[in-house]
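Single-structure report; data block below.
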Amino acid sequence: MVCPCCAGLGTKAFRFGLVRCSECGLVYDPVAIERSRTTALQDEWFVVPDAHRSAWVRAFERRNNRRTLNRLRTHVGSSARVLDVGVGSGSLLLALRSAGYEPQGCDAVSTMAVAAERATGLPVHAGPLDTLDAEGSFDAIILNHVLEHTADPVALLTAAERLLGPRGVLHVAVPNAASWEAHLPGWTSYEPYHLVYFTPATLRMVVDRAGLKVVQAETWEPFSGWFLALLRTALRTHSAARPPPASAPRPPRHSAVEIAYRVAMIAVGGALTPARRLQAWAGFGEEAIVIARKG
């Protein structure tokens with residue numbers, strides 16, 4: 001198997017079955033990439049958004065959306081045309097509209113695209129990004145936790161670059177394989193549907209290869225990162241062992257176990273706040289973010 005970024009053939013073992021390209025340093029999962037070539041891997045895991053998300057999940061979505069909007073505002077003016085790729089529940093589309101932007105969505109999984117369009121009333125293109133016929137139409141494109149799902153990240157970024165207008169801005173967020181939690185097998189981003197794994201350096205590399213200029217780079221350490229990684233490692237409930245959502249049993253909500261779980265997460269996350277901020281500042285936060293500009 002060749003490297004998804006540079007087509008290099010040499011690899012070194014990374015961890016937990018992943019390999020690192022000897023030439024460009026990109027980390028990837030050869031098993032997941034091979035499987036994605038013969039099965040609709042993403043469609044197995046992402047069917048339709050969860051319309052019954054808990055208040056807890058919705059609160060975290062709002063918090064993450066605010067962070068994205070705050071970064072976007074420093075580079076893109078109000079009323080800009082913004083494309084959200086990988087729409088999920090559609091909550092970011094709604095947040096963009098509330099903030100005064102003109103949003104549109106795109107999702108390669110058609111059922112996700114249709115569901116998000118119905119939920120938001122906003123246009124959502126069903127299909128890969130390179131099938132969207134809107135060259136030079138957008139002032140900003142957001143790819144939050146999308147790039148790790150593709151076996152050709154440079155091609156996806158090149159498609160985004162084509163859709164950006166002059167001086168358009170690209171916002172990319174991915175799991176950070178250089179984060180401290182990534183040394184634990186229970187890190188929440190070790191997923192069977194993730195094909196490539198980025199560090200801040202390799203994320204910048206693929207963005208550069210797509211012809212975009214990085215203007216801002218940072219990492220972010222989420223509230224629940226350490227709690228979930230440690231708990232999943234201790235319980236050995238790793239993502240690779242889970243069945244897809246369609247067949248996975250859902251735990252009962254508002255049970256004593258769930259309440260205790262949430263309380264513990266809040267306590268641990270709050271206690272680690274100074275350490276989390278230091279970790280993010282040092283470049284080892286669980287999420288790597290890059291903002292790049294066209295031209």
request  = Among the residues of region 218-245, count how many are modelled with pLDDT of 90 or more and of a type in the set (S, T, N, Q).
outcome  = 3
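Residue-by-condition table, conditions (1) modelled with pLDDT of 95 or more; (2) among the hydroxyl-bearing types (Ser, Thr, Tyr); (3) outside any helix (DSSP H, G or I):
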| site | (1), (2), (3) |
| --- | --- |
| GLY186 | no, no, yes |
| LEU203 | yes, no, no |
| GLN216 | yes, no, yes |
| SER247 | no, yes, yes |
| VAL268 | no, no, no |
| ALA288 | yes, no, yes |
task = Find the residue count for region 134-158, including only residues that are closer than 20 Å to LEU72 by Cβ and not aromatic (Phe, Trp, Tyr).
result = 14
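Conditions (1) surrounded by fewer than 18 Cβ atoms within 10 Å (Cβ to Cβ); (2) more than 22 Å from PRO185 (Cβ to Cβ); (3) out of contact with any Cys (no Cβ under 6 Å at 6 or more places or on another chain), marked per residue:
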site: CYS5; (1), (2), (3): no, yes, no
site: GLY10; (1), (2), (3): yes, yes, yes
site: LEU18; (1), (2), (3): no, no, yes
site: ARG35; (1), (2), (3): yes, no, yes
site: ALA40; (1), (2), (3): yes, yes, yes
query = Which pairs have Cβ atoms under 7 Å, sit 6 or more apart or on different chains, and link a residue in region 50-79 that is within 17 Å of ARG293 (Cβ to Cβ) to one that is among the small types (Gly, Ala, Ser) and surrounded by 11 or more Cβ atoms within 10 Å (Cβ to Cβ)?
reply = LEU72/ALA140; VAL76/ALA140
request  = Please identify the pairs in which a residue from region 80-107 that is in contact (Cβ under 8 Å) with a residue 24 or more places away in the chain has its Cβ atom under 6 Å from the Cβ atom of a residue that is surrounded by fewer than 23 Cβ atoms within 10 Å (Cβ to Cβ) and of a type in the set (Asp, Glu), counting only partners at least 6 apart or on another chain.
outcome  = ALA80/ASP139; ARG81/GLU102; ARG81/ASP139; SER91/GLU61
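Scan region 115-131 and tell me whether some residue there is of a type in the set (Asp, Glu) and in a strand (DSSP E or B).
No, because not a single residue in region 115-131 is of a type in the set (Asp, Glu) and in a strand (DSSP E or B).
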query = Mind checking which pairs have a first residue in region 182-207 that is over 13 Å from GLU148 (Cβ atoms) and small (Gly, Ala, Ser) and a second that is modelled with pLDDT under 95 and crowded, with 23+ Cβ neighbours inside 10 Å, Cβ under 9 Å, 6 or more apart or different chains?
reply = GLY186/ALA229
key: Any pair with Cβ under 6 angstrom, 6 or more apart, that starts in region 278-289 at a residue that is buried (at least 21 other Cβ atoms within 10 Å of the Cβ) and ends at one that is of a type in the set (Asp, Glu) and part of a strand (DSSP E or B)   = ILE289/GLU218
note = Exactly one of LEU164, LEU184 is surrounded by fewer than 23 Cβ atoms within 10 Å (Cβ to Cβ), of a type in the set (A, V, I, L, M) and more than 15 Å from the chain's Cα centre (by Cα), and that residue is LEU184
query = What number goes with the only condition from (1) more than 17 Å from the chain's Cα centre (by Cα); (2) closer than 16 Å to ILE291 by Cβ; (3) crowded, with 20+ Cβ neighbours inside 10 Å that ALA115 does not pass?
reply = (2)
task = Please state which one of ALA140, ALA155, ALA173, ALA151 is among the small types (Gly, Ala, Ser), in a helix (DSSP H, G or I) and either within 26 Å of THR38 (Cα to Cα) or touching a residue at least 12 places away in the same chain (Cβ under 8 Å) (or both).
result = ALA155
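The values are calculated or read from the model by the stated rules, or taken from the named source; none is laboratory data. On a predicted model such as this, the values are computed, not experimentally measured, just so you know. Counting neighbours? That spans all protein chains shown, and the Cβs are built from the backbone with ideal geometry, glycine included.
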